[in-house]
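Contents: one structure, followed by commentary.
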Amino acid sequence: MIIFLQATAEGLALGAVYSLVAIGFVLIYKAMDVLSFAQPALAVVGAAFISALAVDRGIPFWIAFIIGVLLTAILSLVIERTFLRPMVGEPVFSVAILTIGIDILLRTVLDNWIGLNPRYLGDPFPSIGNFGSVNIGGVVLKYLEISAFFTAVIVIILLSIFFKKSKYGVAMRATSYDQEAALAQGIDVGKIFALVWFIAGLLASFAGFFITGGFNTLTQLSFISALRALPAVVIGGLDSIPGAVVGSLIIGLTQGYVAYYQINLESLVGFSLGSGFSFVAPYLIMFIILLIKPDGLFGTEEVERV
Amino acid sequence: MRGRPNLYTDYRKETAIFSNLTQKFWFVLLVVFAFSLVLVASDYWILLLTTSFLIAVAAWGLNIVSGFAGQISLAHGVFVGVGTYTAAVLGGVSSSYVIGYELDMIIWLPLSGVMAGLLGLIIAPISVRLKGLNLGLVTLALVFIASHLFSNMKFITGGAGFGRKSAELVLLGFDFDNGLSVGGFILEKNQLIYLLALTICIFAGIGVKNLTRSKTGRAYSAIRDGDIAAEAIGINLFKFKSSAFALSSFYAGITGALMFSVSGGVEPGVFNLLYSITFIAIVIIGGGGTVLGPLFGALFFSLLPGAIQTLLHTFELAGQELSLSLGQIERIIFGLFIIFFIILEPRGLWGVWFRLRNYFKAWPFSY
């Protein structure tokens with residue numbers, strides 16, 4: 001039972017982190033019909049900015065955090081302006097490949113910067129300690145995992161208020177519904193695109209801070225962790241924000257359970273699943289769900305005409 | 001009708017592999033040039049050219065399924081991997097931890113294509129169910145599942161971080177390692193592989209050209225342009241999508257079988273997502289849906305390191321301490337070119353070539 005709770009807790013924390021990246025994916029997809037493969041790279045960019053400012057430059061953590069998050073969001077804005085604005089209305093797939101090109105650029109520069117040793121991200125609460133954890137009835141919860149979960153919850157609540165109440169939130173929803181109609185209503189669609197990428201950049205850098213695996217260190221492998229938000233989005237449906245959250249939790253929990261129960265699972269199926277199976281399980285689930293429901297669990301079904 | 005190359009008097013001539021004498025002339029000239037390069041080019045360039053010919057074959061494969069038939073596949077690298085390991089098992093030497101049967105190349109080369117093709121056939125029904133981006137995402141999942149399998153099936157692949165030796169190059173009892181002396185001229189292993197790769201590349205290219213002028217090729221184009229419409233005019237989607245995947249994977253498998261024989265060994269970590277994306281990028285940079293495009297793309301991609309190194313030497317930067325390694329510079333340039341071509345020239349290098357050719361055809365007039 002304790003193992004189960006432990007796996008659930010870790011899975012939820014992971015899922016919360018994925019959901020931050022995943023919401024960014026969905027926002028961009030809804031507004032522009034672009035599946036941005038650059039999102040995981042942006043998450044790592046965020047973490048890298050924070051690490052560079054907080055550790056290398058010695059700026060107090062919280063200031064470094066805010067500057068890092070803002071810088072990432074601005075970078076995301078610049079990417080949209082320079083590379084994606086000319087591509088409005090182009091086929092989804094070629095734009096997706098374009099974002100892969102951006103991803104390759106960001107990733108190469110970052111890999112070079114990160115180097116072979118893990119980069120430390122700085123300590124948000126020096127009095128408590130970074131690697132600290134609490135033990136609740138045998139379940140060990142890392143502070144970073146707890147804060148990841150609550151950050152995600154707060155961000156999601158703030159976002160949903162933003163979409164429901166604010167002028168720009170409503171404009172964003174209108175744009176995602178129909179770009180031309182929104183334009184005709186006097187909404188500056190270009191500004192909305194910029195705003196969407198800005199928010200996606202913010203979310204990505206939040207996620208980037210937590211995605212580093214609860215040890216607060218950034219390595220070249222962090223990209224691969226961040227990319228696991230993609231199966232989460234796909235499971236939930238590319239154009240559904242609740243779907244992205246549910247998908248992220250599914251992926252996070254799967255990863256948690258598989259990591260803890262792999263031996264039991266192996267004895268059940270009768271063959272070895274191999275080391276690191278928990279990292280592949282999300283993709284396996286995405287594979288199966290796509291075959292059953294091609295548009296994801298919550299996605300709107302695409303109607304095709306000749 | 002001499003001197004009027006654009007005048008076709010029957011359909012057969014219009015769909016011929018070479019529609020006029022000029023094309024035939026240039027093709028023969030280029031082939032002769034490519035074969036004679038083996039005598040003059042340095043080992044380094046021979047190696048780069050060999051890789052580019054092999055990559056061109058795989059890129060043609062991806063072009064069949066994505067460029068002609070319009071089915072997005074992010075998993076092309078997986079099929080290359082299947083080809084590699086089929087070849088390595090059938091033609092490789094067994095050791096304490098990997099299996100190998102040391103068969104002849106005449107057996108393992110076609111079989112590795114066939115094995116990859118079979119996997120393609122298994123994957124193909126998915127493309128009937130899923131379309132566009134969703135299909136791309138499923139194949140993306142496939143990349144991760146396959147690379148997990150590759151790293152864990154230690155008796156075939158040697159396991160992550162270790163790898164295994166690739167297939168031995170023994171063609172009809174003749175070992176490539178021994179070299180071949182022709183009239184006092186000694187061809188070494190690398191040069192022999194170059195000749196083999198070039199030959200395969202030429203056949204593969206003619207195969208693709210033939211495909212475009214056959215019924216199958218036309219069916220692929222119809223599916224790409226609108227698969228519901230294609231179904232309505234009586235094209236069996238299942239059949240043609242399956243054949244496109246099978247054919248594409250066959251090409252990939254052939255490439256995979258030979259690709260790593262050049263370097264001698266292969267580590268399963270190679271077949272990651274970036275590897276598959278490389279092929280897509282090559283097709284896009286070269287020009288998707290064209291016959292020559294993937295060849296251009298492959299040459300561009302594989303000769304890039306050589307070009308960068310030559311440039312570094314010209315500007316005498318080679319000895320200096322650069323903040324980026326050569327591989328990183330390559331990747332940055334590669335990434336920039338992907339972005340550049342998608343935004344500015346979606347038809348890729350082929351489009352550049354097409355415009356240049358038309359410009360000089362009409363020169364000095366603008367059209």
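Values quoted throughout were computed directly from the atomic coordinates according to the rules given, and no laboratory measurement underlies them. Computed from a predicted structure; not experimentally measured. Backbone-built Cβ (ideal geometry, glycine too); neighbour counts: all protein chains shown.
What is the Cα radius of gyration of chain A over 2.2 N^0.38 Å, N being its residue count?
Values: Rg = 19.4 Å, N = 306, 2.2 N^0.38 = 19.4 Å.
Computed over Cα atoms of chain A, the ratio equals 1.00.
From Cα coordinates alone, what are the radius of gyration and Dmax values for chain B in angstrom?
Cα only, chain B: 21.3, 69 Å (Rg, Dmax).
Could you tell me the relative contact order of chain B? Use alpha-carbon pairs under 8 Å, at least six residues apart, and round to a whole percent.
Working: 578 pairs, mean separation 103.7, N = 367.
After rounding, I find 28 percent.
Collect residues whose amide H, placed 1.01 Å from N in the peptide plane, falls under 5 Å from the amide H of B:Gly265; neighbours closer than 5 in sequence don't count.
When sequence neighbours closer than 5 places are left aside, the close amide H contacts are B:Ser166.
How long are the semi-axes of the ellipsoid equivalent to the range A:192-287, from square roots of 5 times the Cα gyration tensor eigenvalues, in whole Å, largest first? Don't jump to the answer; show the numbers that get you there.
Working: eigenvalues 159, 57, 18 Å².
Semi-axes, largest first: 28, 17, 10 Å.
Can you work out the FRET efficiency for the pair A:Asp123 and A:Ala184, with r the C-beta to C-beta distance and R0 = 45 Å, to the nearest 0.05? Each step should come with its number before you reach the end.
Details: r = 51 Å, r/R0 = 1.14.
Efficiency, rounded to the nearest 0.05: 0.30.
If you count, for every residue in A:283-296, the Cβ atoms of partner chains within 10 Å of its Cβ, what is the mean? Walk me through the numbers before you get to the answer.
Working: counts 11, 4, 1, 6, 9, 2, 2, 9, 7, 1, 1, 9, 2, 2.
The mean count of partner-chain Cβ atoms within 10 Å per residue comes to 5.
If you rank B:Trp353, B:Trp26 by fewest surrounding Cβ atoms within 10 Å, what's the result?
Values: B:Trp353 17, B:Trp26 11.
Fewest-to-most Cβ neighbours within 10 Å comes out as B:Trp26, B:Trp353.
Among B:Gly335, B:Ala124, B:Val40, whose Cα projects farthest towards the positive end of the dipole of chain B, with charges put on the beta-carbon of Lys, Arg (+1) and Asp, Glu (-1)?
About the Cα centre, the residue reaching furthest to the positive side is B:Ala124.
Hey, any idea what Rg/Rh is for the range B:213-289, computing Rh the Kirkwood way over Cα pairs?
Here the Rg-to-Rh quotient is 1.09.
Ignoring everything except DSSP H segments at least 4 long, calculate the 222 nm mean residue ellipticity for chain B; use -39,500 (n - 2.57) per segment, divide by total residues, nearest 500.
Working: 15 runs with 244 residues, N = 367.
Value at 222 nm, helices only, nearest 500: -22000 deg cm²/dmol.
Expressed as a fraction of 2.2 N^0.38 Å, the rule-of-thumb size for a compact globular protein of N residues, what is the C-alpha radius of gyration of the range B:105-187?
Values: Rg = 19.0 Å, N = 83, 2.2 N^0.38 = 11.8 Å.
Rg over 2.2 N^0.38 Å, computed on Cα atoms: 1.61.
For A:Ile66, A:Ile59, what's the fewest-to-most ordering of other Cβ within 10 Å of each Cβ?
Working: A:Ile66 12, A:Ile59 17.
Ordered by Cβ neighbours within 10 Å, fewest first: A:Ile66, A:Ile59.
Where in chain A are the DSSP H helices whose C-alpha atoms run 20 Å or more along the long axis and whose mean Kyte hydropathy is at least 1.0?
On the way: long enough: A:2-32 (44 Å, 1.67); A:61-79 (26 Å, 2.76); A:92-114 (32 Å, 1.58); A:143-165 (33 Å, 1.83); A:189-210 (32 Å, 1.96); A:241-269 (37 Å, 1.04); A:277-292 (22 Å, 2.62).
Both cut-offs are met by A:2-32, A:61-79, A:92-114, A:143-165, A:189-210, A:241-269, A:277-292.
How big, on average over all directions, is the shadow cast by the Cα convex hull of the protein assembly as shown, in nm²? Don't jump to the answer; show the numbers that get you there.
Working: hull surface 143.9 nm².
Taking the Cα atoms of the protein assembly as shown, their convex hull projects to 36.0 nm² on average.
Based on the Cα coordinates of the range A:112-192, what is the per residue volume of their convex hull in Å³?
Numbers: hull volume 16.2 nm³, N = 81.
Hull volume over Cα atoms, normalised by residue count, gives 200 Å³.
Sort the following peptides by mean Cβ neighbour count (other Cβ atoms within 10 Å, averaged over residues), highest first: A:29-38, B:200-209.
Values: A:29-38: 23.9, B:200-209: 18.5.
Result, highest mean Cβ count within 10 Å first: A:29-38, B:200-209.
Going by average Cβ neighbours within 10 Å, how do the peptides B:112-124, A:109-121, A:194-206 rank, with the highest at the top?
On the way: B:112-124: 23.0, A:109-121: 16.5, A:194-206: 25.2.
The densest-packed peptide leads the list: A:194-206, B:112-124, A:109-121.
So, with +1 on the Cβ of K and R and -1 on the Cβ of D and E, and no other charges, what is the size of the charge dipole of chain B about its Cα centre, to the nearest 20 debye?
1460
Amide H neighbours of A:Ser133 under 5 Å, counting only residues 5+ apart in sequence or on other chains, H built in-plane at 1.01 Å?
A:Tyr143
Alpha carbon centre of the range B:79-128 versus the range B:172-243: separation in Å?
17
Using Cβ counts within 10 Å as a stand-in for footprinting exposure, how do B:Ile17, B:Ile223, B:Ile333 rank, fewest first? Spell out each step's value before the answer.
Working: B:Ile17 14, B:Ile223 23, B:Ile333 17.
With the fewest neighbours first, B:Ile17, B:Ile223, B:Ile333 line up as B:Ile17, B:Ile333, B:Ile223.
Just want to confirm a number: the relative contact order over chain A, from Cα pairs under 8 angstrom separated by 6+ residues, in percent. The partial results should precede the final answer.
Values: 488 pairs, mean separation 103.3, N = 306.
The normalised contact order for chain A reaches 34 percent.
Please quote Rg/Rh for the range A:1-86 to two decimal places, taking the Kirkwood radius as Rh and restricting both calculations to Cα atoms. Present the calculation step by step, with values, prior to reporting the outcome.
Values: Rg = 16.2 Å, Rh = 14.8 Å.
Dividing the radius of gyration by the Kirkwood radius yields 1.10.
Taking θ as phi - 60°, what are the ³J(HN,Hα) couplings along the range B:112-119 by the Karplus curve (6.51, -1.76, 1.60), each to the nearest whole Hz, with x for Gly and Pro?
So the J values, rounded to whole Hz, are 5, x, 5, 4, 4, x, 4, 4.
Within 10 Å of each Cβ in peptide A:106-112, how many partner chain Cβ atoms are there on average? Round it to a whole number, please. Could the numbers behind the result be given before it?
Values: counts 1, 4, 11, 5, 0, 3, 6.
Mean partner-chain Cβ count within 10 Å for A:106-112: 4.
Compute a Gaussian network model of chain A, connecting alpha carbons closer than 10 Å, and tell me which residue from A:Ile28, A:Ile157, A:Ile100 fluctuates the most.
A:Ile157
Determine, from the Cβ-Cβ distance of A:Val134 and A:Thr300 and an R0 of 41 Å, the FRET efficiency 1/(1 + (r/R0)^6), rounded to the nearest 0.05.
Details: r = 42 Å, r/R0 = 1.02.
Between A:Val134 and A:Thr300 the formula returns 0.45.
Once you mark the GluC sites (Glu not before Pro) that are in a DSSP loop and have at most 10 other Cβ atoms within 10 Å, what is the longest gap between them in chain A?
Values: sites that count: A:Glu301, A:Glu304.
Between exposed loop sites, the widest span is A:1-300.
Let me know the shape class of the range A:1-145, please: from the alpha-carbon gyration tensor, a ≥ b ≥ c as square roots of the eigenvalues, rounded when a/c is under 1.5, otherwise prolate if a/b is greater than b/c, or oblate.
Working: a/c = 2.53, a/b = 1.50, b/c = 1.68.
It is oblate, given that a/c is not under 1.5 and a/b is not larger than b/c.
Near the amide H of B:Leu171, under 5 Å away, which other amide H atoms are found, from residues 5 or more places off or on another chain, if H is placed in the peptide plane?
For B:Leu171, the qualifying residues are B:Met105, B:Phe176.
Residue by residue through the range B:256-269, which ³J(HN,Hα) values in whole Hz follow from phi under the Karplus form 6.51 cos²θ - 1.76 cosθ + 1.60 (θ = phi - 60°), with glycine and proline marked x?
x, 4, 9, 3, 8, 5, 5, 8, x, x, 9, 10, x, x
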